[in-house]
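Here is the structure we will look at.
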Amino acid sequence: MFVSNVTGLMRVFCSMLLFAAGVCAAGPSPLPEFIFSDLAGVTHHPTVPGEKLASVLFFYWHDCPVCNSYAPEIGRICAAYTNCAFYIVQVDPDLTPTAAQKHATPAQIALAWLLAQKPWIVPIPGTTKLHRLEENIGSTLVELTANDLQELDSATAKITVEGDRYPPDLERMTYR
């Protein structure tokens, strides 16, 4: 029985060696082209060999508690391995460049912008979910510069508001 198990293992091992030899004989295949731009508009090619030993991509989602808890560790790793190029890739398609630079969600940016308009404006966002309430409270920590406010103002000025605020039946109830 022991001999047949060893023979079976040898066959598997030899098959793996032949497969590896076939892959090596086929030669290296070119890496797929992966190009992206950072927040400053600089184009990066992480799969193209350069001055660094390796390129490391961290895929990050702003709502992920695991990603958020490892953020300080990512900073430590980047500082420790200076011979590698590190890229943090934000995978949220709805995240705007302003929100990414501020490490905030689009909702937090919107609420921070609203809070910055006038001191007497008080947003009243509605939610039934605790994590959304925490997200909304986090908007008070977002600091928008005068340049940020100008960019957001110019972006909102391009939006065309169409239609009535209420349907006709409800509009009559507002006594306007």
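Values in this text are rule-based calculations from the coordinates and carry no lab data. Keep in mind it's a predicted model, so treat the numbers as computed, not measured. Counting neighbours? That spans all protein chains shown, and the Cβs are built from the backbone with ideal geometry, glycine included.
A crude spin-label estimate for the pair Lys129 and Lys52, with each label 7 Å from Cα along the Cβ direction, gives 3.3 nm. Here r is the Cβ-Cβ distance between Gln117 and Ala40 and R0 is 30 Å; the resulting FRET efficiency, rounded to 0.05, is 0.60.
The gain in end-to-end length when the Thr156 to Ala80 segment is fully stretched comes to 23.2 nm, 0.36 nm per residue minus the alpha carbon separation. Summing charges over all other residues whose Cβ lies under 11 Å from the Cβ of Gly138, with Lys and Arg as +1 and Asp and Glu as -1, gives 0.
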